[in-house]
1. At R0 = 30 Å, how high is the FRET efficiency between B:R539 and A:K97 if r is their beta carbon distance? Nearest 0.05 is fine.
2. With r defined as the distance between the Cβ atoms of B:N49 and B:I157 and R0 fixed at 30 Å, what FRET efficiency is calculated, to the nearest 0.05?
3. What 222 nm value per residue comes from the helices of the protein assembly as shown, counting each DSSP H run with n ≥ 4 as -39,500 (n - 2.57) and dividing by all residues, nearest 500 deg cm²/dmol?
4. Decide, for chain B, between rounded, prolate and oblate: order the square roots of the alpha carbon gyration tensor eigenvalues as a ≥ b ≥ c, take rounded if a/c falls under 1.5, and otherwise choose prolate if a/b is larger than b/c, else oblate.
5. So what's the gap between the Cα centers of the stretch B:323-382 and the stretch B:576-617, to the nearest angstrom?
6. Fewest first, what order do B:L262, B:L573 take by the number of other Cβ atoms within 10 Å?
7. If one takes the longest principal axis of the Cα atoms in chain B, at what angle in degrees, from 0 to 90 and to the nearest 10, does the Cα axis of helix B:503-518 lie?
8. Within a Cβ distance under 12 Å of B:I157, other residues only, what is the Lys/Arg minus Asp/Glu net charge?
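Values quoted throughout were computed directly from the atomic coordinates according to the rules given, and no laboratory measurement underlies them. Bear in mind the structure is a predicted one, so any value in this text is a computation, not a measurement. Positions of Cβ are backbone-derived with ideal geometry, glycine not excepted, and every protein chain shown enters the neighbour counts.
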Amino acid sequence: MEIAKILGEFHGLQKDLIHILHRVQAQFGYIPPEAVAQIAECLKISENEIFGVLTFYKAFSLEPRGQYLVTVCLGTACHVRGGVQIVEEMERKLQVKAGQTTPDKKFTLETVNCLGCCAIGPVVVVNGKYYSHVTLNKVEPIIKEYREAG
Amino acid sequence: MKKISHPSQLQDWKKRLLAEQPAYDKTIVVSSGTCGQASGSLQIIEALNSELEKKDLRETVGLEITGCHGFCELEPNIVIYPQGIFYKKLTPNDIPRVIDETILKNKIVPSLIYEDPRTGRRFSLQKDFPFYQKQNRLLTENNFRIDPTKIEDYIMIDGYQALAKVLFDMTAEEVIAEIRASALRGRGGAGFPTGLKWEICRNASSDRKYIICNADEGDPGAYMDRSLLEGNPHSVIEGMIIGAYAIGAAEGYIYVRTEYPLAVKHVSIALEQARVRGLLGKSILGSEFHFDIHIVEGAGAFVSGEETSLMASIEGRHAFPRQRPPFPAQEGLWGKPTNINNVETWANVPLIINRGAKEYSQIGTAGSKGTKIFSLVGKINNTGLVEVPMGITLREIIYDIGGGIKDGKNFKAVQTGGPSGGCIPAEKLDLPIDYDTLTQAGSIMGSGGMIVMDEDTCMVDVARYFLHFTQEESCGKCVPCRVGTRQMHDILTRITRGLGEERDLDQLEELANSVQSASLCGLGQTAPNPVLTTLRYFRPEYEAHIKKKSCPALVCKELLVYYIEPEICVGCLLCKKGCPVEAISGERKKVHAIDQDVCIKCGACLEICPPKIKAVFKYTGKKKEKILKKKLSEKV
C-alpha cells in the first residue's frame, strides 16, 4: 500500500528508480524484498536489474537497520586523525562489526568515506546528529546517550 | 508571487529589496553550514533568538543565518557587523555576554576572540585574520552575506544580473567566446578548458541537449562544492542557466551526493524559488529561452563522480563508466549531447560574465586563471576552506593561511587531489600551484582537497588507505582496476604488517603502471597515484617497513608496542581504567605495566595519560623488539 503510494508520485520511468529506492529506504529503513517486485512492475524492468542497482549503491540496504544508525567517517582527514581507532572502539562497545546491527536492533554501525566536514574530524553521526573531534574516550558517552534514550 | 518577465523588473526588485531593508544598528551573522551545525550553530541561533527577544532588541539588531564562512576550525562562530567582530567557538552560555557587552555597550569580549596559534597575536576583526588576508574570496565571500534559503539575499548582491545580461545582450556564441577568453578550466580536477567544452557541445547537432552539474564530491577530504551549494546555491544555478543558453540545452541536472543532506535541501529550495520567480522554466526573464533543472540525489558510490558513470546513475542504472569516445559532448545522457561541469566551475560563470573575461583572467598563472578553493585539512592549525589565486605557493597556503602544523610538529607532506592525487613532500613547498605544476609533481589539482600530514603520518599507511578506498569503490567493470587495486592493496597491507619483502616495491610499481594505463575510467587510471608519489618521495619509509620491520611514524599497529615508562609513570590508575581489554596492571602510586600479549594497541592509554605526565610511549623497530624480549625473559 505504502509502496504503491510512493510509486504513484513518479512517472514509471527507469530514471525514477534511484529516487524511488531513496523514498522506500527512508520510509522503511531498508528496501523490503516485496517492494522490489512492485517497483519492477511499475517501471517495467526486471527484478534482477533492481537488485543489481540497489546492491551497487551503499545508500540502500536489504536488511532492516537498527533504531540508531551510527556512522563513523573514514575520510582522509578523519583517517589521519585516528578515525580507524574510533571505528574499532565502536565495534568493541557495540559488539558488532562495521556494517552489522546489534541483536537488539538498537544500533547499526556503518562507516562512510567522507562526510565533508573534515575540519572537525574525527566525525561520528548518529541518526543525523553530528559529533565532532571524537576521541576514544568520547565513544562510550555517545553510545550511552542512545542506550538510555530507549 | 509574480514572475519576473523583463530585466528591468529584476533591477526594480533589487532596488525595492534594498529600500525595504530594515535599518538595523547591528547585524549578527551566524555561520551555519554542515560544519557549523555539527559544532552547535543551531543552539547558538536559538540562544541568540531568545536573548534578542528577552532584551527587546528585535527592532535594532538583525540576525542572519548563512552558509559556511570557511574557518571551520573556529565553529560555531558569529560575525557582528558593521564592525566585523568575529567570535569563535561559542556556546549558548556565551550569548548573553555577547549581547550585553558587544551589542549593547560596543565592548569586545576578550575571551571569545581569535588568537593566532603561531604568533599568539589576538584579533577581534575578521578582516584582520591572517587566515583571510592572503585569500581572494571571489566565490566564497558571499557566504558571509547571504542567507542561502532566501533568493532575495542573492538578488540584493546583484544575483541573476549576469543571466539578464547574457539573455538580452549576448548571443550564445558571444557567451562561449567570453568563457573561452577567461581561460576558465574545469574545477572538478582534470582542468579541461570550459569554454572549449561548451563549444564542442554547442556544435554537436541534436534535437535535445543536456547540461549537468557534477556535485558528487566524493574525494575524501574535499568539501568546497558542499560549501558552495549550501552557502550560495543560486550562484551555481545562475551559472548553469547561462551555460544552458550558450550550449542550447533545455534541461539540466544537479547530481548531489546523498551524504550532503543540507546541500540537497538548500539546492531544492533555491530551484523552487527560481522557478516561482521566472528565473527557471518557460521564457526565463521574459526571453524566448526555456530551461529547467532537476535535482538527483546520489546513492553512495564514489565512481558516480566519473562523468559517464554519473550519467548512467541519472538514467537510473548502475553507475558503471563506459569507454570514451564518444565523449558526453557527442553522446551523453540518453545518447544526447551533454555538457558536464563541476559545482565550482558553474559558480565561476556569473562572475566571469559580470566582471568580464579580461579582468577575470588577470588572476592566476599563464595556464590556470582565476581562483581555486582548497579544503585545508588534516594536521594543520587553521582548518577550513581557503580560496586563493592560482599560482600561490604551498608554503603560503600551509603556513601563512593555514597557520602551520598542529602542535608544533614538522610538516611531512600534503596530499592533493584525493584518491586520484598524490603526496607532495616538503622540498616542493615553494611550488606555485596550478593544474600543470601539480601534475608535474606527480599529483593533480583534483577537486581541491589538501590534506596536510605531519611527522606522525605514515606514508605507507596513507598509500594503503587510498588503495583500500579505491579497491572498495572500484565498480568492478574492468579487470585492471578491479584486480589491480586489490593486489596493490594486499601488498601494501602486507608491508604495513611487517610482512613485506624486498621485491614488493618493484611489483607495486609494475602493477601501478599497468592499472594506470589499462583501466577504463579515471578512477582506475589515477588510483595508483598515491602509491607512485609516496614511492617517489618517501621510499626510505617503505624500506624501513620492509627491511627493519619498523614504522618510523609510529602508525602501523603491527610494528608497534605501547609501553609505560616505569621512571615516568606516577601510578594514577587512569590508563588501567581506560584500557578496554584490561591489559594494564598496577596499583595506585605504583608503576603500571602493559601486558603485551593482551594489548590490542588501541591507543586508549596514550590518549588518557595526563599531558603533564606523559608516561605512555609507542616504540617500533629495535626498541620494540627489546621490550618484547624483556617481557619474554621475565616469563621464562
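1. Numbers: r = 35 Å, r/R0 = 1.17.
Rounded to the nearest 0.05, the efficiency is 0.30.
2. So, using R0 = 30 Å, E works out to roughly 0.75.
3. Numbers: 31 runs with 312 residues, N = 786.
Helices in the protein assembly as shown give a 222 nm mean residue ellipticity of -11500 deg cm²/dmol.
4. Numbers: a/c = 2.34, a/b = 1.34, b/c = 1.75.
Note, shape of chain B comes out oblate.
5. Cα centres, the stretch B:323-382 to the stretch B:576-617: 51 Å.
6. Values: B:L262 20, B:L573 15.
With the sparsest Cβ surroundings first, the list reads B:L573, B:L262.
7. Helix B:503-518 and the main axis of chain B meet at about 10 degrees.
8. -3
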